[in-house]
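S.K.: Before we start, here is the structure in question, set down as structure tokens.
The values are calculated or read from the model by the stated rules, or taken from the named source; none is laboratory data. None of these values were measured; they are calculated from a predicted model. Please note: Cβ atoms are built from the backbone with ideal geometry, for glycine as well, and neighbour counts cover all protein chains shown. Just so you know, the surface numbers come from the protein's heavy atoms only, side chains and all, with ligands and any DNA or RNA stripped out. Shrake-Rupley method; radii C 1.70, N 1.55, O 1.52, S 1.80 Å.
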Amino acid sequence: MISVSEALSMLFTLVRVQETEMCPLSLSAGRVLATPIAAKLTQPPFAASSMDGYAINSIEADLHAQFVVVGESAAGHRFEGKLGAGQAVRIFTGAPVPEGADLVVIQEDVERRGKLITLLTEKDGNSNIRPAGQDFCTGDIMPAPRVLAPSDIALAASMNHANLPVFKKPVVAIISTGDELVQPGESPTPDQIIASNTYGLKALMEANGAETRILPIARDNRASLETIFSLADGADLIITIGGASVGEHDIVADVAASLGLEQSFYKVAMRPGKPLMAGRMGTSLMVGLPGNPVSAMVCGHIFLLPVLRAMLGLPKEPAKRLSATLSHSLPSNGPREHYMRASQKDGYIKAAERQDSALLTILSQSDALLIRPPNDQARAAGEQVEFISIS
């Protein structure tokens, strides 16, 4: 067996970064920007008022000074001309500041009678003007790679980009294996169960930038497995669930090898998730997950998400580890790294009492995986422990 960190490192060596494509701005949220983009203009393109008021020359802005209003500047409709001595322009938020003005007096600080205004307060040092280029200038860069958040989309739009260069979504084919499985909504026999892992992993992959294909359930025979593997042709990542152990019915590794799998490793010193397998099969990266529901989902968080991020051009790094205060004592850990389902709140974390790898209810109630290093000593309430967020 190899360690979790060794398995991740080996997986990263198998990753091939996706090609890029142009994506309409309106469809780019959540995609990964592949190359930096440069602003095509300056924002704001002119000195603009940040308040409703009157634009004047600050040299003349004495208490009770009076000005003649000679025009108006509104958003999209600038005042044409230059201010002279003793003149003011009515101005609105976002409107261009007229030539000759360097101060906007807010309307609450002015008394107006007809076309004459009187300043009611002294200058406070705030011009109420946004200078040209205050946000960004032509040529300023949005760096990449980055997952495009809504604020990034707004910035790209402001930079005048209608399409963005993004990494293509990895195509992920998910294959559940086993004679005991039926699809959700079907009626299982007394000896069968529902193929739940498929749909949990599909949701996990799609929430993090993949395009997923659920393939038919592969039965525990070579012909069925070979047929289903052929349906995965063209996928960037093939995920098999179950059949990766050493029982007589666990034939995924043998069939995959006969179809060209170059196995990188098999078995990881972790719980849950020990019977993990990975390698390359032609142009596809293949990861064989254990069949236990929680094991598969935990491996999804620990291995598949970092791999998916790497395929999308993001840094090759493990899931981010956080720390919290243990709210109760824990016994010593065994020789394998243990990812315990847990709940964390207000800086404290509590591991679930039941950690059986078949209990999806416990996983559903958890928002964290509390990490126990191999051979970790017993832990007392109040000690700091590490965890991975899965919420």
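S.K.: Quick check on the range 1-157: what does the Kirkwood estimate of hydrodynamic radius come out to from the alpha carbon pairs, in Å?
M.R.: 19.2
S.K.: Mind listing the phi-derived Karplus ³J(HN,Hα) values for the range 379-390, rounded to whole Hz, using 6.51, -1.76 and 1.60 with θ = phi - 60°, and x for any glycine or proline?
M.R.: In residue order, the calculated couplings are 10, 9, 4, x, 7, 8, 10, 9, 8, 10, 6, 10 Hz.
S.K.: Where does the range 1-68 land on the Kirkwood hydrodynamic radius, alpha-carbon pairs, in angstrom? Working shown, then result.
M.R.: Values: mean 1/r = 0.0518 Å⁻¹.
Every distinct Cα pair counted, the radius reaches 19.3 Å.
S.K.: Could you grab the relative contact order for the chain? Cα pairs under 8 Å, six or more apart, rounded to a whole percent.
M.R.: On the way: 885 pairs, mean separation 62.7, N = 391.
Once divided by the residue count of the chain, the mean separation gives 16 percent.
S.K.: Can you check how the C-alpha radius of gyration of the range 153-203 compares to 2.2 N^0.38 Å, as a plain ratio? The partial results should precede the final answer.
M.R.: On the way: Rg = 20.3 Å, N = 51, 2.2 N^0.38 = 9.8 Å.
Its radius of gyration relative to the 2.2 N^0.38 Å reference: 2.07.
S.K.: Here's something else I'd like to know. So what's the range 259-391 giving for Rg/Rh, alpha carbon basis, Kirkwood Rh from the mean inverse pair distance?
M.R.: Ratio value, two decimals: 1.00.
S.K.: Moving to a separate point now. Among L231, P131, A47, pick out the residue whose Cα is farthest towards the positive end of the charge dipole of the chain, where Lys and Arg carry +1 and Asp and Glu carry -1 on C-beta, about the Cα centre.
M.R.: Projecting each Cα onto the dipole axis, the largest value belongs to L231.
S.K.: Just in the range 56-128: which chymotrypsin sites (Phe, Trp or Tyr not before Pro) are loop by DSSP and have at most 10 other Cβ atoms within 10 Å?
M.R.: Values: sites: F67, F79, F92; in loops: F79, F92.
Counting only loop positions with at most 10 other Cβ atoms within 10 Å, none of the chymotrypsin sites (Phe, Trp or Tyr not before Pro) in the range 56-128 qualifies.
S.K.: Which one of A256, G313, S176 has its Cα pushed farthest toward the positive end of the charge dipole of the chain, where Lys and Arg give +1 and Asp and Glu give -1 at the Cβ?
M.R.: Of the listed residues, the answer is A256.
S.K.: Related question: Normalized C-alpha radius of gyration of the chain, against 2.2 N^0.38 Å? Provide the component values of the computation, followed by the final result.
M.R.: Working: Rg = 30.8 Å, N = 391, 2.2 N^0.38 = 21.3 Å.
For the chain, the normalised Cα radius of gyration is 1.45.
S.K.: Counting DSSP beta bridges with both partners in the range 171-307, what percentage is antiparallel, nearest 5?
M.R.: Around 35 percent antiparallel, to the nearest 5.
S.K.: Semi-axes of the equivalent ellipsoid of the range 250-326: what are they in whole Å, largest first, if each equals the square root of 5 times a C-alpha gyration tensor eigenvalue? Kindly include the intermediate steps, with their values, before the conclusion.
M.R.: Values: eigenvalues 123, 59, 15 Å².
So the equivalent ellipsoid measures 25, 17, 9 Å along its semi-axes.
S.K.: Name the residue farthest towards the positive end of the dipole of the chain from the options I194, V298, H338, assuming +1 on Cβ of Lys and Arg, -1 on Cβ of Asp and Glu, about the Cα centre.
M.R.: Projecting each Cα onto the dipole axis, the largest value belongs to H338.
S.K.: Largest first, please: the extent of the C-alpha atoms of the range 69-165 along each principal axis, to the nearest Å.
M.R.: 55, 28, 19
S.K.: Treating only the Cα positions of the range 298-351 as identical point scatterers, give the base-10 log of I(q)/I(0) from the Debye formula at each q in 0.22, 0.27 Å⁻¹.
M.R.: Calculated log10 I(q)/I(0) at the listed q: -0.95, -1.08.
S.K.: How much of the DSSP bridge set in the range 8-120 is antiparallel, in percent, rounded to the nearest 5? Spell out each step's value before the answer.
M.R.: Working: 16 of 22 bridges.
In the range 8-120, approximately 75 percent of DSSP beta bridges are antiparallel ones.
S.K.: Once you put a point 7 Å from the Cα of T189 and another 7 Å from the Cα of L41, both along the Cβ direction, what distance in nm separates them?
M.R.: 6.8
S.K.: Mind listing which GluC sites (Glu not before Pro) in the range 164-233 are in a DSSP loop and have 15 or fewer other Cβ atoms within 10 Å?
M.R.: E186
S.K.: So how long is each side of the range 126-225 along the principal axes, counting just the alpha-carbon atoms, biggest first, in Å?
M.R.: That gives 78, 29, 17 Å along the principal axes, largest extent first.
S.K.: So what is the accessible area of the chain per residue, in Å², with the probe set to 1.4 Å?
M.R.: 48
S.K.: Could you compute Rg(Cα) / (2.2 N^0.38 Å) for the range 145-300, with N its residue count? Mind dumping the intermediate values first?
M.R.: Details: Rg = 17.9 Å, N = 156, 2.2 N^0.38 = 15.0 Å.
Ratio of Cα Rg to 2.2 N^0.38 Å: 1.19.
S.K.: Could you list which residues have their amide H under 5 Å from that of F136, counting only those 5 or more apart in sequence or on another chain, with H placed in the peptide plane?
M.R.: It is Q43, by chain and number.
S.K.: Follow-up. Between Q66 and N208, 0.36 nm times their residue separation minus their Cα-Cα distance comes to what?
M.R.: Numbers: separation 142, 0.36 × 142 = 51.12 nm, distance 6.09 nm.
So the chain would gain 45.0 nm between Q66 and N208.
S.K.: Follow-up question, since we're still on this one. Amide H to amide H, which residues 5 or more places from F265 or on other chains are under 5 Å from it, using H placed in the peptide plane?
M.R.: Placed amide hydrogens put A278 under 5 Å from F265.
S.K.: Given the Cα-Cα distance of D52 and A223 and 0.36 nm per residue of separation, how much length would full extension add, in nm?
M.R.: Length difference between fully extended and current span is 54.0 nm.
S.K.: Quick one: if the Förster radius is 25 Å, what FRET efficiency do S5 and Q365 give, using the C-beta to C-beta distance and rounding to 0.05? Display every interim value, and only then the final one.
M.R.: Details: r = 28 Å, r/R0 = 1.13.
Computed FRET efficiency for S5 and Q365: 0.30.
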